[in-house]
């Protein structure tokens with residue numbers, strides 16, 4: 001029974017959809033209504049009705065189009081995941097509060113308006129979030145290869161011609177702004193690989209090899225910058241996306257081993273990286289050199305107490321308190337209660353994001369969420385662990401909280417796409433282009 005060309009059915013469906021304001025769900029509603037009408041019509045056909053009469057009775061049995069449309073509009077209203085937005089808001093405001101007190105107490109050895117700059121980038125981040133929240137994330141999938149090639153090209157340009165800072169050539173100058181493109185690149189590559197690996201045939205040996213090559217190229221460039229921490233973030237997120245997309249777990253474990261070897265070679269072939277690792281294992285061997293920061297962090301954390309030391313932080317103790325070590329500043333100033341509460345918020349935040357991957361119907365969305373939560377989890381876990389002296393020191397800020405304009409905008413973009421996915425979690429069609437009504 002061809003329902004697509006029946007004028008009565010299509011007019012009935014159009015009338016229902018006209019009541020539903022969220023246009024992205026119209027296609028799913030249309031398919032669902034057609035299935036119901038087909039089932040009812042077939043029942044009437046078996047009872048001896050003609051096709052025209054069966055369709056008329058089926059539409060009548062379905063009910064008034066205006067009432068159904070209003071009911072469906074209530075069901076399919078745009079609903080953000082409020083807890084994720086709330087925690088993002090809390091993290092950003094914790095960061096703003098920390099920047100305000102750091103600037104007010106003149107804890108930096110150089111003059112920089114970190115609070116005012118943070119306010120500016122918070123506003124830019126809000127605009128970024130709003131744009132991506134209303135943007136249909138499904139449109140990204142057909143541009144996955146373009147995003148991958150573009151990110152790869154810009155990453156190569158950054159490594160060759162970018163600004164070198166702290167031993168890593170990872171910054172690009174764009175007019176009055178500078179952006180750490182190396183730290184931004186994992187998000188772009190995960191967006192790209194989620195689309196590329198969606199419906200990827202990992203059982204095909206040629207495809208499997210291509211998949212591994214596509215995954216390895218960004219890692220090689222990131223490590224060439226060199227940025228071990230960003231390489232670790234990308235490698236973990238990439239492997240998660242590969243597993244969720246259906247890659248064989250045993251082969252992924254093998255690739256993980258190879259990635260670890262590459263990471264270790266990157267460390268031992270660069271003297272400063274090797275020194276950083278050795279001083280982490282035994283900081284007392286060089287208390288005034290490579291082990292100084294770890295020793296000072298341990299003192300700061302241990303001296304903090306339950307309620308903190310208030311605004312008595314000594315700016316001579318540790319550099320970059322506004323970036324990599326803002327967690328230590330928060331702990332010292334407001335105490336273990338504040339830091340434990342922050343850690344609890346982080347855990348709940350990550351769990352709430354991970355739950356969305358189980359709720360969405362489109363596989364592409366599952367891959368995106370899996371990659372995003374992996375990136376955020378590694379960043380949160382590493383920074384907190386680093387401040388607590390559990391892992392080697394690295395240039396990795398606390399997402400949303402640490403001072404970094406480009407990173408804050410990227411974090412906001414991540415939450416924007418996640419919110420776009422959640423808003424469309426009940427949509428099952430992953431069209432490769434916009435469908436016209």
For residue 388 and residue 316, extending 7 Å from Cα along the Cα-Cβ vector and measuring point to point gives, in nm, a value of 3.1
Between region 130-190 and region 198-239, the alpha-carbon center distance in angstrom = 16
Treating every alpha carbon of the chain as one equal point scatterer without solvent, the Debye formula yields log10 I(q)/I(0) values at q = 0.08 Å⁻¹ of -0.55
Multiply the residue gap between residue 161 and residue 146 by 0.36 nm, knock off their C-alpha separation, and tell me the result in nm, one decimal place.
-> 3.2 nm
Mean projection of the alpha-carbon convex hull of region 115-241 over all orientations, in nm²?
-> 9.2
Against the longest alpha carbon principal axis of the chain, how many degrees, from 0 to 90 and to the nearest 10, is the axis of helix 65-75 turned?
-> 20
So for region 7-75, what percent of the C-alpha to C-alpha distances run longer than 19 Å?
-> 30
What is the helix-to-structure angle for 326-359, meaning the angle in degrees between its Cα long axis and the longest Cα principal axis of the chain, kept from 0 to 90 and rounded to the nearest 10?
-> 20
With everything on Cα atoms, drop me the angle between helix 271-281 and the longest principal axis of the chain, reported from 0 to 90° to the nearest 10.
-> 90
Summing -39500 (n - 2.57) over every DSSP H run of at least 4 residues in the chain and dividing by its residue count gives a helix-only mean residue ellipticity at 222 nm, to the nearest 500 deg cm²/dmol, of -22500 deg cm²/dmol
A chain fully extended from residue 61 to residue 173 at 0.36 nm per residue, minus the present Cα-Cα distance, gains in nm 33.9 nm
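FYI, it's all coordinate maths here, none of it is from the lab. Everything quoted here is computed from the prediction, not taken from an experiment. Cβ coordinates were reconstructed from backbone atoms using ideal geometry, including for glycine residues, and neighbour counts include every protein chain displayed.
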